[in-house]
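Below is the structure I would like to discuss, written out as structure tokens.
No lab work stands behind these numbers, since they all come straight from the coordinates. In this text, all values refer to a predicted model and were calculated from it rather than measured experimentally. Because the Cβ atoms are built from the backbone with ideal geometry, glycine has one as well, and the counts that use them run over all protein chains shown.
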Amino acid sequence: MSFTSIAYPDEKSARYTLLLEQTRALTDGVSHPIANLANVAALLYQALPDINWCGFYLMDKGALMLGPFCGLPACIRIPLGRGVCGTAAKSDEIQRVYDVHQFPGHIACDSASNSEIVIPLHFGGSVIGVLDIDSPTIGRFDETDQENLLSIVKHLERCCCFEHTLYTLD
């Protein structure tokens, strides 16, 4: 398979429609979670404007462990309940943070990040990880981002065989 960089629509909903189509094409017939998460992280990083980090953290022995990502080196292990990612994983709720500097316990892996969205990823009824996207712009993420990124995560939950990962819930 080859992938050619394309010009994405400026209109956010149209951009996400194309991104979901590309996500489906990239994962078609591929159930390996690490391969799929790596490709989706790269796709989102390349296609979404005004972001400086995009990737996944996966559960490993009761904490989040760095998974496939694009951007600067990141925090390797995040305890549940700590920072935006740990809060999303522990509460099983999407965290859309307008200004990360106002978020209690924010973990600053990249000092350029000013807003963040984190979406829990599930398998077998449990949170097994999160999609994490950072932006240098305060207030970068809105409801349209949240709804469409959730659709991409739901697709990954359906197409990936997470029982074959190296990551464990306990």
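What is the gain in length, in nm to one decimal, between Glu157 and Ala108 on full extension, counting 0.36 nm per residue of separation less the C-alpha to C-alpha distance?
14.9 nm
How high is the relative contact order of the stretch 12-164, given as a whole-number percent (alpha carbon pairs under 8 Å, six or more residues apart)?
Details: 295 pairs, mean separation 37.0, N = 153.
Once normalised by length, the contact order is 24 percent.
Based only on other Cβ atoms within 10 Å, what is the fewest-to-most ordering of Ser13, Ser5?
Neighbour counts put them in this order, fewest first: Ser5, Ser13.
Also, quick follow-up: Net charge near Leu150, counting Lys/Arg +1 and Asp/Glu -1 over other residues with Cβ under 12 Å of its Cβ?
Around Leu150, the charge tally is -3.
While we're on this one: Mind sorting Val97, Val130 by how few other Cβ atoms lie within 10 Å of their own Cβ, fewest first?
On the way: Val97 23, Val130 28.
Result, fewest neighbours first: Val97, Val130.
Give me a comma-separated list of calculated 3J(HN,Hα) values for the stretch 100-110, in order, Karplus coefficients 6.51, -1.76, 1.60 applied at θ = phi - 60°, integers in Hz, x for any Gly or Pro.
Each residue's phi maps through the Karplus curve to give 4, 6, 9, 8, x, x, 3, 9, 8, 6, 10 Hz.
Let me ask another. Around Asn52, under 11 Å between beta carbons, what's the net of Lys plus Arg minus Asp minus Glu among the other residues?
Surrounding charge for Asn52 is -3.
On to the next question. Once you charge only the Cβ atoms, +1 for Lys and Arg and -1 for Asp and Glu, what is the size of the charge dipole of the chain about its Cα centre, to the nearest 20 debye?
For this selection, approximately 320 debye.
A further question follows. Calculated from DSSP H runs of 4 or more alone, at -39500 (n - 2.57) each and per residue, what is the 222 nm mean residue ellipticity of the chain, nearest 500?
Result for the chain: -11000 deg cm²/dmol, rounded to the nearest 500.
Return the lysines within reach of Lys90: Cα separation strictly under 23 angstrom, same-chain partners fewer than 8 residues apart disregarded; answer none if there are no such residues.
Here the lysines satisfying the reach criterion relative to Lys90 are Lys61, Lys154.
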